[in-house]
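Below you'll find the structure, written out as structure tokens, and then a few comments.
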Amino acid sequence: MDILLKRLQVASCKGDIEDVKVILDNKPLVDKLLNEVLDNPLHIAAFLGHGNFTREVVKLIPEFALKHNIDGRSPLHLAAIRGHLHVAEMLVNQAGNDICRVHDSKDGYLPVHYAAIHGNFEVVVMLIQRCEDTLHELTSRNETLLHLAVKANCLKTIKFLICHDMKLDLKDDKGNTCLHVAVARRNQHVIRLLLKHVGAEINSVNKAGQTPLDFLDLWNDTDDGFWVNMLNSAGGKRASELKELKSIPTDCSSLVTSSTTETQSIILNDDNIATEEKHHDESTLLVGATLLVTINFQAILNPPGGYVPSGAPVLLTKLRNFYVLDSLALFASLVVILLLLCGASNKKILIKFLRWVIWFAVFCTGLAFTSAFVALYSRDEKAYKWITGLLIAWYSVFTIASLWVTVKVILFLFSYYVRTLSWPRVRNWWRKTTGITAMVFVVVIFSIVNWGIYESLGLFRKK
């Protein structure tokens, strides 16, 4: 029986539905899977994202869809955790909407709770549309879906829940509202989003007697002034200040209310500030890209050393690196201009991408002119030493900055992958070692790339 069970698990991992059908003809094995707490084929398929395999297994044995594994989770729980929308839809379509109401046997979480915890917005929307009453289901800690979405820093989910009339002033078992959680997480965008809606009680007091502003006292960060100003501008108070306000005569209460209303308008103007910052970034990128196009195009038209009477560049054989790098910078800058003119600046992620492209263009421009200088002064040994030394010093500083941007891209992509993992230990390790890993990347990549580039340009060769 154990051998047959292992064979079933291997076939489920591979998504081999034909082999699974043959194995599930064994009734004692099916009874064992239904009566004991084990990983059945649907648990494995939901975790790995086998959509068609899931549909066929549910048709064979529908009861598998409601079974819990050793961790107390159903297949739909696992699909919600992993963010496999197609598998989650398949399970709901085949097993019915009631599967959305199946609780985790250990923590009491619904599948939609896990989807919110892991920031899987599409899965959250699908599960709520299929079973609307799960929208207001609380966890065993009295947390709402909004509490979980704020913890995950998922703006899409937060906006979706607010649009579906999710109350912002509900408290968990510790008396914390969503604003308490957002301040604890130090997420600027989430805090501003919550403050824009009337239901967010900025001075709500939890069971420990703390307002959201009091949460800032739990850390000794240098950025506390920024967060304090943000909450104060919206009328935020500490619990001690609220006690003093209770002693204010009733005829003065209108003054306090009016001042709070006025300061609230400051937060409502943040969208205008963000829009101005976006247009500023767009203009800066457009001007920078235009200048780079002009510089690199002129450099190609008038190469270092000039032309011979026949029309060919004097240093043609020594300027191959120059032409390649200058062309790369030229076309990278043209890509930035094209995307900006097509309206690519409407999304922040594209703005970041364009900044990286500009970095690449500037890097190639600097490297092109470096190779040109080396070619021009290669015959003058005394001048060559001084110019090479200065160029290496300048280029080293510039390379560090450029490589830092490259490393940030690598770390961003890897961090996104780590966030999709369901292993808390891996995620916690990554958060603690990100800075060290970044420095190691910089040192290693800087050393390898510099050696390769210097060798290709002939900087270490004797003239």
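Read the figures in this text as sums done on the coordinates, not as results from a lab. Being a predicted model, the structure only gives us computed values, none of them experimental. Here the Cβ is made from the backbone with ideal geometry for all residues, glycine too, and neighbour counts use every protein chain on show.
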Exercise. With the Cα gyration tensor of region 78-146 in hand, give its eigenvalues times 5 under a square root as the equivalent ellipsoid semi-axes, listed largest first in whole angstrom.
Key: 17, 13, 11
Quiz item: With each pseudo-label sitting 7 Å past Cα toward Cβ, what's the LEU286-LYS174 distance in nm, one decimal?
Solution: 4.7 nm
Quiz item: Taking 0.36 nm per intervening residue step and subtracting the Cα-Cα distance, what contour gain separates ASP2 from CYS163 on full extension?
Solution: 52.9 nm
Practice problem: Provide the net charge surrounding ILE128, with neighbours chosen by a C-beta distance below 14 Å and charges set as Lys +1, Arg +1, Asp -1, Glu -1. | Solution: -2
Exercise. State, to one decimal in nm, how far the label point of ALA208 lies from the label point of SER105, with both points 7 Å from Cα in the Cβ direction.
Key: 3.5 nm
Quiz prompt | Extended-chain gain in nm, criterion 0.36 nm per residue less alpha-carbon gap, HIS136 and GLU18 | solution = 38.4 nm
Practice problem: Name the shape class, rounded, prolate or oblate, that the alpha-carbon gyration tensor gives for region 1-106, where a ≥ b ≥ c are the square roots of its eigenvalues, rounded holds for a/c under 1.5, and otherwise prolate holds if a/b is larger than b/c and oblate otherwise. | Solution: prolate
Quiz prompt | Simple spin-label estimate for CYS342 and PHE297 in nanometres, 7 Å along Cα-Cβ | solution = 2.0 nm
